1. Taking only segment 284-306 into account, find how many residues are acidic (Asp, Glu) and closer than 18 Å to Thr255 by Cβ.
2. Say whether the condition of being more than 25 Å from Gly277 (Cα to Cα) and within 21 Å of the chain's Cα centre (by Cα) is met by at least one residue in segment 76-86.
3. Quick one: is Leu213 touching a residue at least 24 places away in the same chain (Cβ under 8 Å), within 14 Å of the ligand (Cβ to nearest atom) and at negative phi?
4. Consider Pro178 against the criteria (1) under 18 Å from Ala110 (Cβ atoms); (2) touching a residue at least 60 places away in the same chain (Cβ under 8 Å): it satisfies all of them except one. Which criterion is unmet?
5. Which one is farthest from the ligand (Cβ to nearest atom) among residues in segment 258-281 that are at positive phi and within 19 Å of the chain's Cα centre (by Cα)?
6. Could you please tell me which pairs satisfy a Cβ distance under 6 Å, a separation of 6+ or placement on different chains, a first residue in segment 36-51 that is farther than 13 Å from Val65 by Cα, and a second residue that is open to solvent by 70 Å² or more (accessible area, probe 1.4 Å)?
7. His206 fails exactly one of the following numbered conditions: (1) over 23 Å from Val162 (Cβ atoms); (2) in contact (Cβ under 8 Å) with a residue 12 or more places away in the chain; (3) surrounded by fewer than 24 Cβ atoms within 10 Å (Cβ to Cβ). What is the number of that condition?
8. When you scan segment 285-300, do you find a residue that is charged (D, E, K, R), without any contact (Cβ under 8 Å) to a residue 40 or more places away in the chain and in contact with a His (Cβ under 9 Å, 6 or more places away or on another chain), even just one?
Amino acid sequence: MPAFTAHAPGKIILFGEHAVVYGRPALAAPVTQVKATATVMATPQANPGVVHIQAPNIGLEADLVELPEGHPLVKTIQLMKNYLSLQKLPAFSVRITSTIPVASGLGSGAAVSVALLRALSAFFGRPLSDDEVCALAFEVEKVYHGTPSGIDNTVITYARPVYFMRNHPIETLRVARPFMLVIGDSGISSPTSLAVGDVRQAWQAHPDQYEALFNQIGSIAQTARVALEEGQATTLGEMMNANHKLLQKIGVSSTELDRLVQVALQAGASGAKLSGGGRGGNMIALVDATHGPQVKESLLQAGARQVILTTIG
Ligand code: PMV
């Protein structure tokens, strides 16, 4: 029986998380050192319509009908069935593995959706375009994020650095000079939907204050875009530090993330910030080739669960 396998990378948000939900621009890039993989295979020995799912990383092994209606994997398979106007599902198995830590700001949910949508569409003999995959993955993001901006499914589907604004066509970032980032995992898992929900409540309670903070984050993202496209590493570092301060103000940092950011700066990073939903998950630090290994080592010594050194551009 042929197996249909697809992969999708992780991602980091470079600038603009949370404000992007409110229409401000954000920058994000794929992280190819980690990935989600989905494999779909026919199981002719099983009764028609029986879909067996295995996701060993999260200890899941069940038939589709045993999972709750709102489960992201159920939603993904149902979306695909409706999109392809399939009357009935055949018998098949789905296996999902991922090296992307869950609920840590590296886009694990969106990467699973993108990989699974691609593997399913290949299995059904109806390969989808990137635009179609991106739009369907956005629907699944609503399960994870509540009110997603769409940045995660976009950067992961197209697998290139992007400048993203809600309801605007996707723009690819032209990175003038590749730059190196250290990504440090606080090891604290933090569902994005909670942080996004708390920010929404705070925004509703103090709209003027939060709109002003989102504006400042948006203009940092604009400045950072120019710095990236013109290869101004110093400005990029300064913008990261400024963005982190604003994320602290909107209430999505944590003692642990602040500590890792400080450790990275003390070890020679030229800028650092939390990345993604916050509260836990990952932080990123801008480094040059000399300081990269030193920053990585310091973060590990300071208790980071996992540290990835990656080059963007
Ligand atoms: O999936 P995360 O944790 O990287 O968060 C995505 C970024 C947010 O701006 C917090 C949410 C969104 O939908 O844009």
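The values are calculated or read from the model by the stated rules, or taken from the named source; none is laboratory data. Every value quoted in this text rests on a predicted model; they were computed, and no experiment measured them. Glycine gets a Cβ as well: all are built from the backbone with ideal geometry, and neighbour counts include every protein chain shown. Note: areas computed on protein heavy atoms with side chains; ligands, DNA, RNA excluded. Shrake-Rupley method; radii C 1.70, N 1.55, O 1.52, S 1.80 Å.
1. At the first step, the residues of segment 284-306 found to be acidic (Asp, Glu) are 288, 297.
Now drop any that are not closer than 18 Å to Thr255 by Cβ, which leaves none.
Total meeting the criteria: 0.
2. Yes, some residue in segment 76-86 is more than 25 Å from Gly277 (Cα to Cα) and within 21 Å of the chain's Cα centre (by Cα).
3. It is true that Leu213 is touching a residue at least 24 places away in the same chain (Cβ under 8 Å), within 14 Å of the ligand (Cβ to nearest atom) and at negative phi.
4. (1)
5. In this case the residue turns out to be Arg279.
6. Thr37/His7; Thr39/Thr5; Thr39/Arg95; Met41/Met1; Ala42/Met1
7. (2)
8. First pass over segment 285-300, keeping only residues charged (D, E, K, R): 288, 296-297.
Keeping just the survivors that are without any contact (Cβ under 8 Å) to a residue 40 or more places away in the chain gives 297.
Subset that is in contact with a His (Cβ under 9 Å, 6 or more places away or on another chain): none.
Looking for residues that are charged (D, E, K, R), without any contact (Cβ under 8 Å) to a residue 40 or more places away in the chain and in contact with a His (Cβ under 9 Å, 6 or more places away or on another chain), one finds none in segment 285-300, hence no.
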